[in-house]
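Undergrad: Structure incoming, see below.
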Amino acid sequence: MQFGRYYEEFEVGAVYRHWPGKTVTEYDDHLFCLLTMNHHPLHMDAHYAQTASQFKRNVVVGNYIYSLLLGMSVPDVSGKAIANLEVESLRHVAPTFHGDTIYGETTVLDKRESASKPDRGVVSVETRGYNQDGTMVCVFRRRVMVPKKEYAATTVPEGVDPERPSFPEPR
């Protein structure tokens with residue numbers, strides 16, 4: 001299985017559907033909130049959400065959904081990245097709830113060779129996240145710097161497959 005792409009392997013207009021999806025649990029949401037110190041009761045307090053919010057239930061924190069989609073896109077988009085350069089836009093367009101399953105897809109918007117370094121290029125993509133009903137919940141655009149294949153081949157020692165780690169022979 002390929003992990004990431006070289007610059008030449010990206011085509012403007014290509015769509016990568018990320019698999020598998022992820023069902024978001026209450027535990028996932030609460031752990032992410034606690035790790036990031038986001039203690040808003042809309043995410044953490046079921047009674048508050050039921051009595052004081054329009055949704056009448058906890059809403060999954062948006063940054064978790066963004067992070068989940070970003071992670072889902074790594075094998076298809078940034079697995080070979082030199083650097084993630086920019087997230088130029090991020091929108092949460094519908095709420096996600098505990099028990100929803102998130103699926104992602106990414107479209108290649110643009111690509112350009114680096115002006116200063118011939119061994120790399122910059123790829124612009126848009127990633128969209130959908131729930132199990134097909135409702136878009138999150139969309140973001142980012143730019144990723146990736147190596148060119150011909151230059152990557154010159155930096156890998158002979159006989160080494162950069163796609164697979166090598167392990168010492170067992171004794």
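The values are calculated or read from the model by the stated rules, or taken from the named source; none is laboratory data. All values derive from a computational prediction rather than experimental measurement. Don't worry about glycine lacking a Cβ; one is built from the backbone with ideal geometry, like all the others, and counts go over all protein chains shown. Accessible surface areas use protein heavy atoms only, side chains included; no ligands, DNA or RNA. Shrake-Rupley method; radii C 1.70, N 1.55, O 1.52, S 1.80 Å.
Undergrad: About the Cα centre of region 19-171, what is the dipole size in debye to 20, counting +1 per Lys and Arg Cβ and -1 per Asp and Glu Cβ, all else neutral?
TA: 300
Undergrad: Give, as a single signed number, the net charge of other residues whose beta carbon lies under 13 Å from the beta carbon of residue 26, with Lys and Arg counted +1 and Asp and Glu -1.
TA: Here the count lands on -3.
Undergrad: If the only charges are +1 at each Lys and Arg Cβ and -1 at each Asp and Glu Cβ, what is the size of the charge dipole of region 52-112 around the Cα centre, to the nearest 20 debye?
TA: In debye, rounded to 20, region 52-112 gives about 140.
Undergrad: With a cut-off of 8 Å between alpha carbons and a minimum separation of six or more residues, what is the relative contact order of region 18-96 in percent? Don't skip to the end; give the middle numbers.
TA: Values: 48 pairs, mean separation 20.0, N = 79.
Normalised by residue count, the contact order of region 18-96 is 25 percent.
Undergrad: Where the only charges are on Cβ atoms (+1 Lys, Arg; -1 Asp, Glu), what is the dipole of region 1-54 about its Cα centre, to the nearest 20 debye?
TA: 60
Undergrad: Where is the GNM fluctuation largest for the chain (alpha-carbon springs, 10 angstrom cutoff): 110, 100, 133?
TA: It is 133.
Undergrad: Please give the residues of region 1-45, grouped as numeric ranges, whose backbone N is less than 14 Å from a label point set 7 Å along the Cα-to-Cβ vector of residue 88.
TA: Within reach of a label on residue 88, which here means backbone N under 14 Å from a point 7 Å along Cα→Cβ, region 1-45 contributes 13.
Undergrad: Where does the chain land at 222 nm, in deg cm²/dmol rounded to the nearest 500, when only DSSP H runs of n ≥ 4 count, each adding -39500 (n - 2.57), divided by all residues?
TA: It comes out at -6000 deg cm²/dmol, rounded to the nearest 500.
Undergrad: Using 23 Å as the Cα-Cα cut-off, could you pick out the over-long pairs in 22/111; 111/148; 22/148?
TA: 22/111; 22/148
Undergrad: Subtracting the Cα-Cα distance from 0.36 nm times the residue separation, let me have the gained length for residue 2 to residue 151 in nm, one decimal. Please report the intermediate quantities before stating the final value.
TA: On the way: separation 149, 0.36 × 149 = 53.64 nm, distance 1.79 nm.
Extra length from residue 2 to residue 151 when fully extended: 51.8 nm.
Undergrad: According to a simple spin-label model (label point 7 Å from Cα along Cα-to-Cβ), what is the distance in nm between residue 48 and residue 23?
TA: 2.7
Undergrad: Considering only protein heavy atoms, what per residue accessible area in square angstrom results for the chain with a 1.4 angstrom probe?
TA: Heavy-atom SASA per residue in the chain reads 60 Å².
Undergrad: Looking only at 65, 102, 82, which one moves most when the chain is put into a Gaussian network model with springs between Cα atoms under 10 Å?
TA: The residue that fluctuates most here is 82.
Undergrad: Expressed as a rounded percentage, what relative contact order does the chain have, with Cα pairs under 8 Å and six or more residues apart?
TA: It comes to 28 percent, rounded to a whole number.
Undergrad: Separate question: Helix 26-35 against the longest principal axis of the chain: what's the angle in degrees, Cα atoms only, rounded to the nearest 10?
TA: With both axes taken from Cα atoms, the answer is about 70 degrees.
Undergrad: Run the accessible area of region 11-133 with a 1.4 Å probe and give the carbon-and-sulfur part as a rounded percent.
TA: Roughly 52 percent of what the probe reaches on region 11-133 is carbon or sulfur.
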